[in-house]
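Here it is: the structure, laid out below.
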Amino acid sequence: MPDQSAQTQPVLAELRPSPPRRGVGVTVLAVMGGFMVYLAMARPSEQIGWTVFLLGFGLAGLWLAVRMWQSTGQGLRLTRTALIDHNGMVLTRVDQIRAVRRGVFAFKPAGGFTLLLAAPAPRGWAPGLWWRLGRSVGVGGVTHRHEARYMAEVLEEMIRTGRP
C-alpha cells in the first residue's frame, strides 16, 4: 500500500540494485531453470515423478528469474518516517525498528542488513531486494554494498538518537 506522506518527505538514503549483480542473479536462475526443464523434456525418466519434479523446479526457477528481474528494476528509499520501495509500498516504519544487524555472522541478505522490528509485520518478498518475515526485514541481495552500509548507518543513528 502506497504511503503518500512518506513519499513526499526528503530521501535520507537510497538503495539501488547493482546492474552486474542483478544480471548475474537473474542469469543464474534462468539458466538453472531452463536446464532443468530441458533435462526433464530431453531425457524423461522412467519414473514419472522424477520428470515432474525436474519440470516443476525448472519452471519455478524460470518464474523466480522473472520475479527477480521485475523486483530489482527499482530500489528502496529511506525517509524520516519509513523505508519504502519506489512504488511507495512501506516495508517498515522507522519507529518500529529496534535494531540493525549487519555483522559478519548476522542472518542477512548478501551485502545488506537485517532490521529487527518491535512488532511482527506481514510477510513480503521482492527477490534480490528485500524480504519481511515476522519481526525481521532483510534488505540487500543484488544491491550496492556501500549504499546498503550507508543506509544501515543512517538507521542506526536514527535509532541511537531516538529521532528521525
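Going by a ≥ b ≥ c, the root eigenvalues of the Cα gyration tensor, does the range 76-161 fall in the rounded group (a/c under 1.5), the prolate group (a/b larger than b/c) or the oblate group?
Details: a/c = 1.17, a/b = 1.04, b/c = 1.13.
Here the range 76-161 falls in the rounded category.
In whole angstrom, note down how far apart the Cα centers of the range 62-88 and the range 105-164 are.
The two parts, judged by their Cα centres, are 13 Å apart.
With Cβ to Cβ distances under 11 Å as the rule, what net charge do the other residues near Leu117 carry (K, R +1; D, E -1)?
Numbers: positive: Arg93, Arg98, Arg132, Arg135; negative: Asp95.
Charge balance near Leu117 sits at +3.
Placing one identical point scatterer on every Cα of the range 18-71 and ignoring solvent, what is log10 I(q)/I(0) from the Debye formula at q = 0.15, 0.18, 0.19 Å⁻¹?
-0.43, -0.56, -0.60
Separate question: First measure r as the distance between the Cβ atoms of Val52 and Val28, then evaluate 1/(1 + (r/R0)^6) with R0 = 41 Å and state the FRET efficiency to the nearest 0.05. Spell out each step's value before the answer.
Working: r = 23 Å, r/R0 = 0.57.
The formula returns an efficiency of 0.95 here.
Full-extension gain between Phe107 and His86, please, as 0.36 nm times their residue separation minus the C-alpha to C-alpha distance. The partial results should precede the final answer.
Working: separation 21, 0.36 × 21 = 7.56 nm, distance 2.50 nm.
So the chain would gain 5.1 nm between Phe107 and His86.
Can you tell me the Rg and the Dmax, both Å, for the Cα atoms in the range 1-153?
That works out to 18.1, 61 Å for Rg and Dmax.
Please state the relative contact order of the chain as a whole percent: Cα pairs under 8 Å, 6+ residues apart? Display every interim value, and only then the final one.
Working: 309 pairs, mean separation 41.1, N = 164.
About 25 percent, as a whole number.
Filter the chymotrypsin sites (Phe, Trp or Tyr not before Pro) in the range 104-150 down to the DSSP loop ones having no more than 12 other Cβ atoms within 10 Å, then list what survives.
Working: sites: Phe105, Phe107, Phe113, Trp125, Trp130, Trp131, Tyr150; in loops: Phe105, Phe107.
In loop regions of the range 104-150 (DSSP not H, G, I, E or B), the sparsely surrounded chymotrypsin sites (Phe, Trp or Tyr not before Pro) are Phe105, Phe107.
Express in nm, to one decimal, how much length is gained between Glu157 and Arg67 on full extension, taking 0.36 nm for each residue of separation and deducting their alpha carbon distance.
Numbers: separation 90, 0.36 × 90 = 32.40 nm, distance 3.31 nm.
Extra length available between Glu157 and Arg67 comes to 29.1 nm.
Kindly write out, for the range 110-120 in residue order, the coupling ³J(HN,Hα) from the Karplus curve 6.51 cos²θ - 1.76 cosθ + 1.60 (θ = phi - 60°), rounded to whole Hz, with x marking Gly and Pro.
Per-residue couplings from phi come out as 4, x, x, 8, 10, 9, 9, 9, 6, 9, x Hz.
If you don't mind, another one. Tell me, what ³J(HN,Hα) does each residue in the range 144-150 have, in order and in whole Hz, if you take phi through Karplus 6.51 cos²θ - 1.76 cosθ + 1.60 with θ = phi - 60° and put x for Gly and Pro?
5, 5, 5, 5, 5, 5, 5
Bear in mind these aren't lab numbers, they're just calculated from the coordinates by the rules spelled out. No experiment lies behind these values; they were computed from the predicted model shown. Glycine gets a Cβ as well: all are built from the backbone with ideal geometry, and neighbour counts include every protein chain shown.
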